[in-house]
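Accompanying notes for the structure given below.
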Amino acid sequence: GSTQKDNERNESWFEQRQHGNHECSGGKQEGQRKTERATTTYQSEQAENAMLKSRLDGNDDECSEHESDVQRLQSSNERLQMEMDTVLQELQILQDAKLSLELEIAAYRKLLEAEETNMRRVVEHSSGSRSGGAQLLSDMIVSKGGSGDSQKSS
């Protein structure tokens with residue numbers, strides 16, 4: 001009896017082992033499939049990573065070019081700003097000089113008008129005298145004053 005029981009136990013143990021081996025070999029095949037999928041995914045991600053690094057390097061080069069352009073434009077802008085400031089200073093000096101000259105011209109015009117008025121009085125005062133030269137001088141001043149007025153309006 002005990003031998004029979006030992007044989008049954010041994011057979012049961014052997015069957016369990018075989019069944020376990022089948023499960024193991026099935027698990028081994030599943031593990032191999034998972035490893036293959038993981039390897040394929042890894043290789044795909046490595047290729048994508050290399051492509052992204054290449055694009056990043058290209059973007060870095062492009063970014064460097066743009067930074068260089070920005071620096072060049074900023075430098076040009078600063079130079080133009082300094083030139084504009086210089087031109088504005090020169091313009092202010094010229095405007096001041098123009099105003100000064102206009103005021104001086106107006107002052108001389110007033111002096112000339114006053115002198116002309118004084119000369120007319122003298123001539124008018126003299127025209128009452130017997131001299132024909134005084135009348136001639138008066139006519140010249142009056143005619144000259146008339147042409148002077150037309151020059152003022154132009």
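The values are calculated or read from the model by the stated rules, or taken from the named source; none is laboratory data. Predicted model only: the values in this text are computed from it and were never measured. To get the accessible areas, we keep the full protein, side chains included, count just its heavy atoms, and leave off ligands, DNA and RNA. Shrake-Rupley method; radii C 1.70, N 1.55, O 1.52, S 1.80 Å.
For the stretch 92-100, does any single residue satisfy the condition of being charged (D, E, K, R) and not in a helix (DSSP H, G or I)?
Within the stretch 92-100, none of the residues are charged (D, E, K, R) and not in a helix (DSSP H, G or I).
For the structure I just gave you, tell me whether His66 is over 30 Å from Ser143 (Cα atoms) and either at pLDDT below 90 or outside any helix (DSSP H, G or I) (or both).
yes
Pull up the stretch 85-100, narrow it to residues that are open to solvent by less than 100 Å² (accessible area, probe 1.4 Å) and of a type outside the set (S, T, N, Q), then point me to the one that is nearest to Val142 (Cα to Cα).
The qualifying residue nearest to Val142 (Cα to Cα) is Leu99.
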